[in-house]
Amino acid sequence: MLVISVPVYYFVVDAIWKTELDEHNKIIADKSTFALNQLKLSDAQLMSSVALWNSIQPGTNIEPVHAGTKVKDSIYTIEKSSTYSSKPAIDRFRCLSTIVTINDLPFRFTVETNIEESGETIAVIAIVTLFFFVLIVVGLLFLSRRLSNTVWQPFRNTLNTLKTFNLHRQSALSFDSGNTKEFEELNQSLNKLIEHTSIAYKTQKEFTENASHELQTPLAILKNKLDVFLQSDDLTEKQYLLAEEMNNALNRSSRINKNLLLLAKIENNQFDNTEAIAFDALLLQSIDILKEHFESKNITIELNIKKDVVLNGNHSLTEVLINNLLLNSIRHTAVNGIVIITLNQQIFSIANSGIKALEERLLFKRFSKHSTYNGGSGLGLAIVNEICKFQQWKITYNFENGAHYFKIYFS
C-alpha cells in the first residue's frame with residue numbers, strides 16, 4: 001500500500017501545487033495591473049514602461065490586444081529550457097494568460113511560474129515514504145515481539161511447570177494464574193488430567209507392590225513343601241519329573257516377583273545413589289562368579305577394562321545391572337561365541353556375537369520377547385533400563401558387524 005501511495009501522493013501534491021500556483025499567478029496579474037494604473041502614465045509612457053517591464057521580467061509579459069484578437073483567459077502548463085542559465089535544463093512552468101485593462105486599454109498579461117521538478121518530487125516523496133515504511137515495520141516488529149512475550153508468557157510458564165513434573169515422584173504442580181481465559185482453561189484441564197493420571201498410576205503401583213509382597217509368603221511355603229516332597233524316597237520317576245517342572249516354574253515365578261518388587265522400589269526412589277562404586281572391581285567380581293556359565297557354552301571373553309573406574313551410584317543396583325547384562329550376553333550368545341567387555345571412565349559396553357538385530361522398540365519393555373530364549377523373566381533389560389534412568393546414565397543398543405552392542409554412557 002505504501003508503494004502504491006507514492007504515485008498517488010505525487011499526483012495529489014502536483015494538483016495542489018498547480019492550484020496554488022494558479023492563485024499566485026492571478027494575484028501577480030491583479031497586483032501588477034493595479035500598480036500600473038496607479039502611476040497615471042500617458043499612453044506613450046505606458047508603452048515605454050511595458051517594454052521595459054517585458055525586458056526585465058522574464059516571468060511575465062504584457063502585450064497590447066489588437067482588434068479581432070481572442071480575449072479568452074487560459075491556464076496551462078508548458079516545458080521549456082532556461083536560456084539564461086549556465087546549465088540549460090528543461091523546466092515546467094504553470095502559466096496564466098489573462099486580459100487586463102491599463103489606462104482603459106486592453107492588454108494580455110501572461111505570467112509563468114516554475115513548477116517543482118516531477119523527478120525531484122517523486123524522489124522526495126519516495127524517500128519520506130520509505131523512511132516511514134521502515135519506521136512502521138520496525139515498530140510493528142517491536143510491538144509484535146512485546147505483545148507476543150506478554151500474551152504467551154502464561155503458556156510458557158505452564159510449559160516450564162509441566163517440564164518439572166515427574167510421574168514417579170508424584171510432585172505437585174501449581175500453575176500461575178493469568179488474565180487469559182484460554183490459558184486458564186488449559187491449566188484447569190491439565191490439572192484434572194494430571195490428577196487422574198497420578199491416581200491411576202498410584203493405584204497400579206500399589207497393586208503391584210501389594211501383590212508382590214503378598215505372593216512372597218505363599219511362594220516361599222510352596223517352595224519349601226516342594227523341596228520336602230522332592231526329598232521323599234518313594235517318588236517314582238514320573239512324579240520326580242513332574243515335581244521338577246513345578247519347581248522350575250516356581251523358581252521363575254519367584255524371580256519375577258523379586259524383579260517386580262525391585263522395579264517398584266527403583267521407581268519409588270527407595271535407593272541411595274550417592275555411593276562411590278569401584279565399578280571395575282564389581283565387574284571383575286561378577287565375571288568371576290559367572291565364569292562357569294561362560295565355560296559351559298565355551299564362550300570366549302575379551303576384556304578391555306580400565307583400572308580405578310570409580311562412579312557415584314548405588315552399589316546393589318549397579319551389581320544387578322552388571323549381572324543382568326552379563327547373563328543376557330550368555331543367554332543370547334551361541335556356543336563357541338565371543339563376548340567383548342569394555343570399561344573406562346566414560347562407557348561400559350558388552351558386545352556378544354549374534355545373527356540378527358533385536359527389535360529395539362520392545363527391547364527394554366517389561367515381559368517383551370525379543371529372542372527365542374524362554375528361561376528368563378522378561379524383566380532383565382527393563383530393570384537395567386530403570387537403573388540407568390535412576391542413576392542418570394544412558395543405555396543404547398545397536399547391532400553391527402555380527403554383534404549385539406549394549407553401551408552405557410556415564411556422562
Selection from segment 279-310 of residues polar (S, T, N, Q), more than 44 Å from the chain's Cα centre (by Cα) and surrounded by fewer than 16 Cβ atoms within 10 Å (Cβ to Cβ) yields Gln285, Ser296, Asn298, Thr300
Those helices (runs of 4 or more DSSP H) completely within segment 263-371 that have 1 or more residues that are out of contact with any Leu (no Cβ under 9 Å at 6 or more places or on another chain) and small (Gly, Ala, Ser) are 279-289, 291-296, 315-331
Among (1) modelled with pLDDT of 90 or more; (2) surrounded by fewer than 20 Cβ atoms within 10 Å (Cβ to Cβ), Ile341 falls short only on (2)
- Task: Might you let me know whether segment 210-222 holds any residue that is of a type in the set (Ser, Thr, Tyr) and either at pLDDT 80 or above or farther than 24 Å from Asn268 by Cα (or both)?
- Result: no
Worksheet item: Could we say that Ala357 is under 27 Å from Ile256 (Cα atoms), small (Gly, Ala, Ser), touching a strand residue (DSSP E or B) at 6+ places or on another chain (Cβ under 7 Å) and at pLDDT 90 or above here?
Response: no
Selection over segment 123-165 where residues are among the polar types (S, T, N, Q) and outside any helix (DSSP H, G or I) yields a count of 1
Gln57: passes all of (1) modelled with pLDDT under 85; (2) farther than 21 Å from His24 by Cα but (2)
Being within 48 Å of the chain's Cα centre (by Cα) and farther than 30 Å from Asp308 by Cα narrows Ala264, Ala249, Ala276, Ala243 down to just Ala264
Counting only strands (runs of 3 or more DSSP E) wholly inside segment 1-110, the ones holding at least 1 residues that are within 30 Å of Ile127 (Cα to Cα) and not hydrophobic (A, V, I, L, M, F, W, C) are 74-81, 90-102
Of the listed residues (Asn179, Asn149, Asn166), the one being closer than 30 Å to Ala200 by Cβ and without any contact (Cβ under 8 Å) to a residue 60 or more places away in the chain is Asn166
Scanning segment 186-241 residue by residue, those loosely packed, with under 11 Cβ neighbours inside 10 Å and of a type in the set (Asp, Glu) turn out to be Asp233, Asp234, Glu237
Is at least one residue of segment 279-290 of a type in the set (S, T, N, Q), closer than 30 Å to Glu302 by Cα and assigned by TED's automatic domain parsing to the domain that holds Leu303? yes
Taking segment 4-19 and keeping only residues that are touching a residue at least 60 places away in the same chain (Cβ under 8 Å) and either loosely packed, with under 12 Cβ neighbours inside 10 Å or more than 25 Å from Phe93 (Cβ to Cβ) (or both), one is left with Ser5
query = Does Ile355 meet the test of being farther than 13 Å from Phe279 by Cβ, surrounded by 16 or more Cβ atoms within 10 Å (Cβ to Cβ) and hydrophobic (A, V, I, L, M, F, W, C)?
reply = no
Selection from segment 268-299 of residues over 29 Å from Phe390 (Cα atoms) and free of Cβ contacts under 8 Å to residues at least 12 places away in the same chain yields Glu292, Glu295, Ser296
Does Leu321 meet the test of being surrounded by 13 or more Cβ atoms within 10 Å (Cβ to Cβ) and over 30 Å from Glu206 (Cβ atoms)?
no
From the option list Ser144, Ser148, single residue qualifying as at pLDDT 85 or above and among the hydroxyl-bearing types (Ser, Thr, Tyr) is Ser144
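The values are calculated or read from the model by the stated rules, or taken from the named source; none is laboratory data. Predicted model only: the values in this text are computed from it and were never measured. Here the Cβ is made from the backbone with ideal geometry for all residues, glycine too, and neighbour counts use every protein chain on show.
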